[in-house]
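The values are calculated or read from the model by the stated rules, or taken from the named source; none is laboratory data. All of these numbers come straight from a predicted model, not from anything done at the bench. Because the Cβ atoms are built from the backbone with ideal geometry, glycine has one as well, and the counts that use them run over all protein chains shown.
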Amino acid sequence: MIDRAGADTPLAPSWEPAPYEPPTVVWDESASVDAAPIEPAYVPVAVDYPVSSDLSYDESSSGRHAAEQAGYEAPVTTIPATEPEHAPSHTASSMTMAEAVVAAEATIAPADPFATMEIPAVAVAAPAAVSFTKAAQVPATTVTPSGSTPPPTASPEVKPMRASSEPDVPRPIGGKTLDDHASFWGSLLGSFGLLWVIYTQLLPFTGRVGFVILWLITFLLMYAGVSAMGNPSQVVLDRTVAAAIRAGAMIVGLALASAVFFTFWKGIDALVHVNFFTQDMAGVRPTAPLDQGGIIHAIAGSLIEIGIAVLFALPLGVGTAVFMNEVGGPTARAVRTVVEAMTALPSIVAGLFVYTVLIVTLGVSRTGIAAACAIFVMILPIIARASDVVLRVMPGGLREASLALGASKWQTVRMVVLPTVRPGLATALILGIARGVGETSPVLLTSGASSYLNLNPFSEPMNSLPLFVFSSVRSGEPLFIARGFGAASVLLALVLVLFVITRRLARTKVGNR
Amino acid sequence: MTALMDPPSTPSAPEPTPRVEDVPRSIDPGLPRSDKVFFGVSRAIGYSVFVLMGAIGLFLGLQSIPTFKRYGLGFLTESQWQPEKDILGISAVLVGTFTVALVAMVIAFPLALATALYISEYAPAKFKSFLVSMVDLMAAIPSIVWGLWGFFLLQPKAIHVAHWLHTHMGWVPFFNVDTDPNAAPWAQSRYAASAFIAGIAVSMMVLPMAAAVMRQVFSQAPIGEREAALGLGSTKWGMIRAVVLPFGAGGIIGGTMLSLGRALGETIAVVLIISPAFDIKFKPLEIGTSTISALIAGRFGEATSAQLSALLTAGFVLFIITLIINTLAAMIVARSRSGAQE
């Protein structure tokens, strides 16, 4: 390893490894002999082990570091004893350059009498450190995950050092202490009790949401206070912030879960009726019971509108992305700028644009095709931009290999580029569909709202799921609102299905590579 | 082909003979026909999208000319929207738009930051991809569903929070509501349909976008510096503050601005929740406000052509604001990404 690494460096001619190896080994053995001054030099190595093996190592166990250094120092010093010729490579491969240099300097600083004698060794150590880090660059990624390898390799060499022959059990470096658990749960319960007394008994507060918000704040304060009783301020801050971050993430998760479950729970009244999926609302009074009428017209309308919009948006969006990435030229940047700018267009403005141009100016009546146009204007930049990102991150080597084999640009695009990014394009498409099918504002302005099943997008108004939800909720009729929640559940289920398909596609991309 | 036939004669004649001067053969084979067609078609698609998108922007811009001719700059400063009196102005809705967006960002920013930090730093490794896809799912939920959530689930509870904030922090003008908070049956309706409640619903819509951008930037924070910080004895939060947050600052700002741009344009949830009002006020807890998008959704139906172009002008103003915010955000995110790759 030394030879190979030395040959790679520009310093190689001035550095002959063979004659200088003995001093290097001597330096390492001196490290094992007078361990006291050397010990700091090995501290980074010892600390490096728990950090790289487990990022969530327990910072509250700082008191264990001394014992850990003592326990871990032995394997490091015994390595030169067993295989002296590879000693430098062993120690340095687990060090970074800075640590190796520090180690080299630390050897001369305390040992004054030997300073002059060891200067050549230091001169060797410096280029050696450089070359080691170069060599260590390659396995660096493999070293980090396999940080737990030192104990198994070191344990057979430790055995002769220790008198007892009990097997080495790796010290648990993660996990929580009793203090961690007790202060967390204690603060949670204590803050609840304290706040209950203050909130409901002493002060005239009302509202359950206010209680929960105040409970969170009281808990954080109490947790910080309890932690401060036995921990340094850094640990107090660390614990409090960790609790706050977890609480924030939990609130977001709760909001997401509540939105999904609330919609389905309120929609179940309408969803249990089969006629809800097979009939339309023609001739059904808003106050009619739920076993009359349904939303088939809204489902069909949504599918037709999004289908037409995607039929045009997909080729245009992907074609634009291909133009921007594969053809290029000075105009490609202008196209990209405009496409990115149009993603900022609010959907209601897109709807208003189509309303003004198609319906007011050109005199098209409110139909499914007008709604499809509005959805098209809205999702075209989304699909184009998502496809652009997918094409941009595709490795250029594949393209170049195809071109180098003599394929034309079109053959490259058709047989290499597009098949490679197909899962990504599918993701872009489904993201566009999910956005387009759920957006209410474009269809609100353009499609009109029919109460009957209309499969012709070119004449007569057409209803759609978001529009049906919107109008039913605005009606104020309890039974009609229940229908609205049923339609919202269908819409949500549609988006969930699309979402799961997207995930599947994204995953197969990884599996195929 | 003729170029290929010729060369044998040139090397096979060693003696200098007076010949016509050597013209370098063109080695460019030219484009095959399939490529010509491909370039032509994809250029046509690219230009057509360019023209279409450019035309929309141009159309919106041109529509605002007659509006500004008719109402002057008073269109931006007038607060009332009374087509029957020919008084049209968007200052009140602009204020309402920013109030709703401000409330949304005040709620969304800390939650998005906490979510992103939790996913990238605290969550167990095996849940990470699940949590990431949950954030994506949250972004895919239709806005009408968030509107229902805000109107039916959140509003009855948020009224109490608003009342509570007014009662105990009413001395801050921002939390003030024009009613007596201590009246025996306090006026619940005064706290409903407010910018505060609409802002909460909007915050849930824009939060996943901010969280996704932030998480992506956080996950790019260099592992070596993280380990260096931990190796020097830093706590996890110390590591986050010293490495992850400075590294992800661009992503935090950019993601927040991207979601702000989305919050300004949200329509349906706002329309469902608020009750329209056209006065300039900074009382998000009180009933009644309006945003540009809610104004468009509410007024397009009965609009004459002049009012329609006024609505389009309002939409154009909103578009320009969103565009500026998005462009700034994209620049900030791009800069932080380029820093991540070195």
For A:S450, indicate whether it is under 15 Å from A:I308 (Cα atoms) and in the same structural domain as A:A370 (by TED's automatic domain parsing). no
What number of residues in the stretch B:206-225 are under 12 Å from B:P246 (Cβ atoms) and in a helix (DSSP H, G or I)? 3
Say whether the condition of being assigned to a helix (DSSP H, G or I), within 14 Å of another protein chain (Cβ to nearest Cβ), at pLDDT 80 or above and more than 23 Å from the chain's Cα centre (by Cα) is met by at least one residue in the stretch B:67-83. yes
State which residue pairs qualify: first residue in contact (Cβ under 8 Å) with a residue 60 or more places away in the chain and inside the stretch B:28-57, second residue assigned to a helix (DSSP H, G or I) in any location, beta carbons under 8 Å apart, and separation of 6 or more residues or different chains. B:G57/A:V338; B:G57/A:A341; B:G57/A:M342; B:G57/B:F319
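For every residue, the table says whether it meets (1) among the β-branched types (V, I, T); (2) within 26 Å of B:Q216 (Cβ to Cβ); (3) in contact with a Phe, Trp or Tyr (Cβ under 8 Å, 6 or more places away or on another chain).
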| residue | (1), (2), (3) |
| --- | --- |
| B:V95 | yes, no, yes |
| B:F109 | no, yes, no |
| B:L117 | no, yes, yes |
| B:A125 | no, yes, no |
| B:F130 | no, yes, no |
| B:I144 | yes, no, yes |
A:V469 surrounded by fewer than 24 Cβ atoms within 10 Å (Cβ to Cβ) and among the β-branched types (V, I, T): no
Is it fair to say B:Q188 is without any contact (Cβ under 8 Å) to a residue 40 or more places away in the chain and more than 24 Å from the chain's Cα centre (by Cα)? yes
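Results for (1) touching a Leu at 6+ places or on another chain (Cβ under 6 Å); (2) facing chain B (nearest Cβ under 10 Å); (3) of a type in the set (V, I, T); (4) surrounded by fewer than 21 Cβ atoms within 10 Å (Cβ to Cβ), shown as yes or no for each residue.
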| site | (1), (2), (3), (4) |
| --- | --- |
| A:A372 | no, no, no, no |
| A:D388 | no, no, no, no |
| A:G397 | no, no, no, yes |
| A:V416 | yes, no, yes, yes |
| A:A428 | no, no, no, no |
| A:V437 | no, yes, yes, no |
Check off (1) at pLDDT 90 or above; (2) within 30 Å of A:V473 (Cβ to Cβ); (3) not hydrophobic (A, V, I, L, M, F, W, C) for A:R246 and give me the number that stays unchecked. (2)
Only one residue in B:G61, B:G30 is out of contact with any Ser or Thr (no Cβ under 6 Å at 6 or more places or on another chain), small (G, A, S) and at pLDDT 85 or above, so which one is that? B:G61
Show the residue pairs that are 6+ apart or on different chains and have beta-carbon atoms under 7 Å apart, the first residue being within the stretch A:164-183 and outside the structural domain of A:A242 (by TED's automatic domain parsing) and over 20 Å from A:V235 (Cβ atoms), the second being part of a loop (DSSP other than H, G, I, E, B) and at pLDDT below 75. A:S165/A:K159
Residue under evaluation B:A314, criteria (1) more than 11 Å from every other protein chain (Cβ to nearest Cβ); (2) under 24 Å from the mean Cα position of the chain (by Cα), criterion not met: (1)
Count of the stretch A:315-337 residues which are within 30 Å of B:A269 (Cβ to Cβ) and buried (at least 20 other Cβ atoms within 10 Å of the Cβ): 1
Could you go through the stretch B:196-208 and let me know if any residue there is crowded, with 19+ Cβ neighbours inside 10 Å, closer than 17 Å to B:Y122 by Cβ, touching a Ser or Thr at 6+ places or on another chain (Cβ under 9 Å) and in contact (Cβ under 8 Å) with a residue 40 or more places away in the chain. no
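To keep it simple, each residue is scored yes or no on (1) closer than 20 Å to B:V270 by Cβ; (2) in contact with a Phe, Trp or Tyr (Cβ under 8 Å, 6 or more places away or on another chain); (3) not in a helix (DSSP H, G or I).
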site	(1), (2), (3)
A:L418	no, no, no
A:V443	yes, no, no
A:S451	no, no, yes
A:P457	no, no, yes
A:N463	no, no, yes
A:T502	no, no, no
Just to be sure, is A:G476 touching a residue at least 24 places away in the same chain (Cβ under 8 Å), farther than 30 Å from A:A321 by Cα, among the small types (G, A, S) and more than 10 Å from every other protein chain (Cβ to nearest Cβ)? no
Return a yes/no flag: does the stretch B:166-178 have any residue that is surrounded by fewer than 21 Cβ atoms within 10 Å (Cβ to Cβ) and within 20 Å of the chain's Cα centre (by Cα). no
Positions within the stretch B:198-209 being farther than 13 Å from B:S259 by Cβ and within 12 Å of another protein chain (Cβ to nearest Cβ), in sequence order: B:I200, B:A201
Would you mind stating whether A:S183 is touching a Phe, Trp or Tyr at 6+ places or on another chain (Cβ under 7 Å), assigned to a helix (DSSP H, G or I) and either within 13 Å of another protein chain (Cβ to nearest Cβ) or of a type in the set (S, T, N, Q) (or both)? yes
With the condition kept exactly as written, say whether any residue in the stretch B:126-134 is crowded, with 18+ Cβ neighbours inside 10 Å, of a type outside the set (D, E, K, R) and not in a helix (DSSP H, G or I). no
Within the stretch B:307-318, can one find any residue that is part of a loop (DSSP other than H, G, I, E, B), in contact with a helix residue (DSSP H, G or I) (Cβ under 7 Å, 6 or more places away or on another chain), surrounded by 24 or more Cβ atoms within 10 Å (Cβ to Cβ) and of a type outside the set (D, E)? no
Within the stretch B:224-240, does at least one residue satisfy the condition of being at pLDDT below 85 and not small (G, A, S)? no
Within the stretch A:354-367, identify whether any single residue is away from chain B (no Cβ under 11 Å), without any contact (Cβ under 8 Å) to a residue 12 or more places away in the chain and in a helix (DSSP H, G or I), and answer yes or no. no
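So that you can scan it fast, the table gives a plain yes or no per residue for (1) within 10 Å of chain A (Cβ to nearest Cβ); (2) hydroxyl-bearing (S, T, Y):
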position	(1), (2)
B:A221	no, no
B:G261	yes, no
B:T267	yes, yes
B:S275	no, yes
B:L318	yes, no
Would you mind finding the one in B:A108, B:A92, B:A114, B:A55 that is within 9 Å of another protein chain (Cβ to nearest Cβ) and in a helix (DSSP H, G or I)? B:A114
Within the stretch B:62-110, how many residues turn out to be free of Cβ contacts under 8 Å to residues at least 40 places away in the same chain and among the small types (G, A, S)? 3
I'd like the full set of residues that are of a type in the set (A, V, I, L, M, F, W, C), part of a helix (DSSP H, G or I), within 18 Å of B:I273 (Cβ to Cβ) and more than 9 Å from chain A (Cβ to nearest Cβ), limited to the stretch B:155-187. B:A162
